[in-house]
Amino acid sequence: MSSVINPIQIGVCGWGDHDLYPPGTQAREKLAIYAAHFPVVEVDSTFYAIAPVERMERWVNETPESFRFVVKAYRELTGHGRLEKAPVRPWRELVEDMRASLEPMLRAGKLEAVLFQFPPWYDCSQKHVKYIRRVREAFRDVPVAVEFRNQSWFYPDFHDKTLRLLEREQCIHVICDEPQAGEGSVPLVVAATVPEQAIVRFHGRNVAGWNNTGQPNWRDVRYAYRYEEAELAEWVGYVRQLEQRVKRITLLFNNNSQGDAVDSANLMMRLLGVEFAGLAPRQLGIF
């Protein structure tokens, strides 16, 4: 593992579709260029299919020693169900495949966390609490982050119990900046549940687009949001609070339906006054 540690890491979700790359850049070249700008990235493609070990090894080799990945857990492990035509496989087999996929990043010290993002219908109930414990046991030696999308986990009667559950299971509570749009969204809960790190995901504040699943382009609209400086400036105080509680803070921007994530990430860097150590060297133009 690298001795270079950025106590505040800022990045975006996915690296393929951002305004960072020269025209004509091939897909396989983009991660190395991305790693010259940010020290961490969220891997979204693993939600749709568990990545082959060879691909994960390639990503490890294409990034600097200090680079970190937050890897989304495969959808069948988070209650989202199978994709159409996907083969039916036992839960244990899915766990084993996911663990094998994570191994190259674990071995290199580059796995920041595996992110279990539960769906909007995943409410605070006994069976779902039991499942979180089952997941934690299956991934006991892996940093596990939990993101809720159902408001019930933070109802007044459950708020403290939810955080204590995550503390007992040593799961990272994923703090969300997202639209306040009813049952399928969670409030802002600035709380850390493990001493090592906190993770914050910025989904934008597009209230109108958050729950409108009837639109054919709903997923594109949902994360269409450009943060204003005043909105991100609110986070400076929250980050300072978290700095007193954890060793490392990871801020990830997911507001990229219209290409705003990189600009938001850069703005947050400026507001916090952070510079990153251990980035890849930037490619130089002819001048």
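Among the residues of the range 236-258, which ones are within 23 Å of residue 35 (Cβ to Cβ) and under 17 Å from the mean Cα position of the chain (by Cα)? Write out each step before concluding.
Quick first cut of the range 236-258, residues within 23 Å of residue 35 (Cβ to Cβ) only: 239, 247-256.
239, 248, 249, 250, 251, 252, 253, 254, 255, 256 - these are the residues of the range 236-258 that are within 23 Å of residue 35 (Cβ to Cβ) and under 17 Å from the mean Cα position of the chain (by Cα).
Starting from residues that are among the hydrophobic types (A, V, I, L, M, F, W, C) and within 17 Å of the chain's Cα centre (by Cα), keep the ones in the range 75-98 and report whichever is nearest to residue 51 (Cα to Cα).
Taking the range 75-98 first, the residues among the hydrophobic types (A, V, I, L, M, F, W, C) are 77, 83, 86, 88, 91, 94-95, 98.
Imposing the further condition that a residue be within 17 Å of the chain's Cα centre (by Cα) reduces the set to 77, 98.
Details: 77: 14, 98: 8 Å.
Among those that are among the hydrophobic types (A, V, I, L, M, F, W, C) and within 17 Å of the chain's Cα centre (by Cα), it is 98.
Looking only at the range 104-138, count every residue that is within 24 Å of residue 5 (Cβ to Cβ) and out of contact with any helix residue (DSSP H, G or I) (no Cβ under 7 Å at 6 or more places or on another chain) and tell me the total.
The total comes to 6.
Taking the condition of being of a type outside the set (S, T, N, Q), in contact with a strand residue (DSSP E or B) (Cβ under 6 Å, 6 or more places away or on another chain) and under 19 Å from residue 13 (Cα atoms), how many residues in the range 221-255 meet it?
5
Residue 271 is checked against (1) at pLDDT below 95; (2) open to solvent by 40 Å² or more (accessible area, probe 1.4 Å); (3) not small (Gly, Ala, Ser) and fails just one. What number does that condition carry?
(1)
Considering each of 57, 29 in turn, give the residue that is over 22 Å from residue 253 (Cα atoms), out of contact with any His (no Cβ under 7 Å at 6 or more places or on another chain) and surrounded by fewer than 19 Cβ atoms within 10 Å (Cβ to Cβ). Quick ask: steps written out before the conclusion?
On the way: 29 fails: over 22 Å from residue 253 (Cα atoms).
Selected residue: 57, the only one of 57, 29 that is over 22 Å from residue 253 (Cα atoms), out of contact with any His (no Cβ under 7 Å at 6 or more places or on another chain) and surrounded by fewer than 19 Cβ atoms within 10 Å (Cβ to Cβ).
Do we have any residue at all in the range 5-15 that's without any contact (Cβ under 8 Å) to a residue 60 or more places away in the chain, under 16 Å from residue 250 (Cβ atoms) and open to solvent by 20 Å² or more (accessible area, probe 1.4 Å)? Break it down stepwise before answering.
Of all residues in the range 5-15, those without any contact (Cβ under 8 Å) to a residue 60 or more places away in the chain come to 15.
Going one step further and asking which of them are under 16 Å from residue 250 (Cβ atoms), we end up with 15.
Imposing the further condition that a residue be open to solvent by 20 Å² or more (accessible area, probe 1.4 Å) reduces the set to 15.
Scanning the range 5-15 turns up at least one residue that is without any contact (Cβ under 8 Å) to a residue 60 or more places away in the chain, under 16 Å from residue 250 (Cβ atoms) and open to solvent by 20 Å² or more (accessible area, probe 1.4 Å).
Based on this model, can you work out whether residue 6 counts as at pLDDT 95 or above and within 28 Å of residue 263 (Cα to Cα)?
Values: at pLDDT 95 or above: no; within 28 Å of residue 263 (Cα to Cα): yes.
The answer is no for residue 6.
Looking at 113, 191, 108, can you tell me which residue is of a type outside the set (Lys, Arg), surrounded by fewer than 21 Cβ atoms within 10 Å (Cβ to Cβ) and under 20 Å from residue 242 (Cβ atoms)? Give the derivation first.
Working: 113 fails: surrounded by fewer than 21 Cβ atoms within 10 Å (Cβ to Cβ); 108 fails: under 20 Å from residue 242 (Cβ atoms).
Matching residue, one of 113, 191, 108: 191.
Search the range 195-208 for residues that are among the acidic types (Asp, Glu) and pair each with any residue that is part of a loop (DSSP other than H, G, I, E, B) and open to solvent by 10 Å² or more (accessible area, probe 1.4 Å) when their beta-carbon atoms are under 8 Å apart and the residues are at least 6 apart or on different chains.
196/143; 196/246; 196/247
Inside the range 40-52, can you point out the residues that are in contact with a Leu (Cβ under 9 Å, 6 or more places away or on another chain) and open to solvent by 50 Å² or more (accessible area, probe 1.4 Å)?
Selection gives 48, 49.
Does residue 77 satisfy the criteria of being within 29 Å of residue 275 (Cβ to Cβ) and in contact (Cβ under 8 Å) with a residue 12 or more places away in the chain?
Details: within 29 Å of residue 275 (Cβ to Cβ): no; in contact (Cβ under 8 Å) with a residue 12 or more places away in the chain: yes.
For residue 77, the condition - within 29 Å of residue 275 (Cβ to Cβ) and in contact (Cβ under 8 Å) with a residue 12 or more places away in the chain - is not met.
Output yes when any residue across the range 205-228 is part of a helix (DSSP H, G or I), touching an Asp or Glu at 6+ places or on another chain (Cβ under 8 Å), surrounded by 17 or more Cβ atoms within 10 Å (Cβ to Cβ) and modelled with pLDDT of 95 or more, and no when none is. Write out each step before concluding.
The initial filter retains those residues of the range 205-228 that are part of a helix (DSSP H, G or I), namely 207-210, 218-222.
From what's left, touching an Asp or Glu at 6+ places or on another chain (Cβ under 8 Å): 210.
Cutting the leftovers down to surrounded by 17 or more Cβ atoms within 10 Å (Cβ to Cβ) gives us 210.
Okay, now just the ones that are also modelled with pLDDT of 95 or more, so none.
There is no residue in the range 205-228 that is part of a helix (DSSP H, G or I), touching an Asp or Glu at 6+ places or on another chain (Cβ under 8 Å), surrounded by 17 or more Cβ atoms within 10 Å (Cβ to Cβ) and modelled with pLDDT of 95 or more.
The values are calculated or read from the model by the stated rules, or taken from the named source; none is laboratory data. All values derive from a computational prediction rather than experimental measurement. No Cβ is skipped: glycine too gets one built from the backbone with ideal geometry, and neighbour counts run over all protein chains shown. In case anyone asks, the SASA skips ligands and DNA or RNA and just uses the protein heavy atoms, side chains included. Shrake-Rupley method; radii C 1.70, N 1.55, O 1.52, S 1.80 Å.
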